[in-house]
1. Applying the selection to the range 164-175, what residues are more than 13 Å from the chain's Cα centre (by Cα) and surrounded by 13 or more Cβ atoms within 10 Å (Cβ to Cβ)?
2. Which pairs have Cβ atoms under 7 Å, sit 6 or more apart or on different chains, and link a residue in the range 148-175 that is farther than 19 Å from G88 by Cα to one that is of a type in the set (S, T, Y) and surrounded by 11 or more Cβ atoms within 10 Å (Cβ to Cβ)?
3. Do we find a residue being out of contact with any Phe, Trp or Tyr (no Cβ under 8 Å at 6 or more places or on another chain), under 20 Å from V38 (Cα atoms) and of a type in the set (S, T, Y) anywhere in the range 108-120?
4. I'd like to check something: does the range 40-50 contain any residue that is part of a strand (DSSP E or B), over 21 Å from D128 (Cα atoms) and touching a strand residue (DSSP E or B) at 6+ places or on another chain (Cβ under 9 Å)?
Amino acid sequence: MVSRLTRVLATAAIGIASMAGLVAAQERATILATATVVSSLTVVGTNNLQFGTVTPGVNKSVDKATLGFAGEWTISGTSSAELSIQFGLPDSLLTIDSLSGMRISFASSDASYGTLPAHQPVPVGILDPNGPSADRLGANGQMLIWIGGTVFPRISQTGGDYSAEILLTVAYTGS
């Protein structure tokens, strides 16, 4: 019985020794999973689209290049990153009590953009505010967007102040 136990222990010792040799020959290596997160986007409305005084029955337009009257946004983010650009446009301006409305429209060439230092009268390009667009931030990570439009007061338009929100949504495309 001792010799049988000795044989089993010897066989087990040989097996363990041979496995120890295999483990000693193994190597390991690691790598890192990395990612760079782009800086968040900042969008600031810097000028309202201002039609000023409007006469009933007389349409009034503001061009996107009209300093101080065209709507303007400033966008800041990662330099040269591509953005998707989408406008949320109203179809009418309303009085504060929402009892009277005045139609507003935006032509396909009523928006433009530039990178800083930007010159509103001579923009880098034209945007169609009625559909999605894509463009890149400037090398300094900034862009300005301008918008104009036209209001259509009826001959019987109620007097008062009218307004509506124009929403600009921008997002990184990942390209």
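No lab work stands behind these numbers, since they all come straight from the coordinates. It should be emphasised that the depicted structure is a prediction, and the values quoted were computed from it without experimental measurement. Glycine also receives a Cβ, built like all others from the backbone with ideal geometry; neighbour counts cover every protein chain displayed.
1. Across the range 164-175, the qualifying residues are A164, I166.
2. Once the first residue is farther than 19 Å from G88 by Cα and sits in the range 148-175, its partners that are of a type in the set (S, T, Y) and surrounded by 11 or more Cβ atoms within 10 Å (Cβ to Cβ) give T158/T95; T158/S100; G160/T95; G160/S100; D161/T95.
3. Checked against the condition, which is being out of contact with any Phe, Trp or Tyr (no Cβ under 8 Å at 6 or more places or on another chain), under 20 Å from V38 (Cα atoms) and of a type in the set (S, T, Y), the range 108-120 yields at least one hit.
4. The first filter runs over the range 40-50 and keeps only residues part of a strand (DSSP E or B), leaving 42-47.
Still in the running and over 21 Å from D128 (Cα atoms): 42.
If we keep only those that are touching a strand residue (DSSP E or B) at 6+ places or on another chain (Cβ under 9 Å) too, we end up with 42.
Yes: one or more hits.
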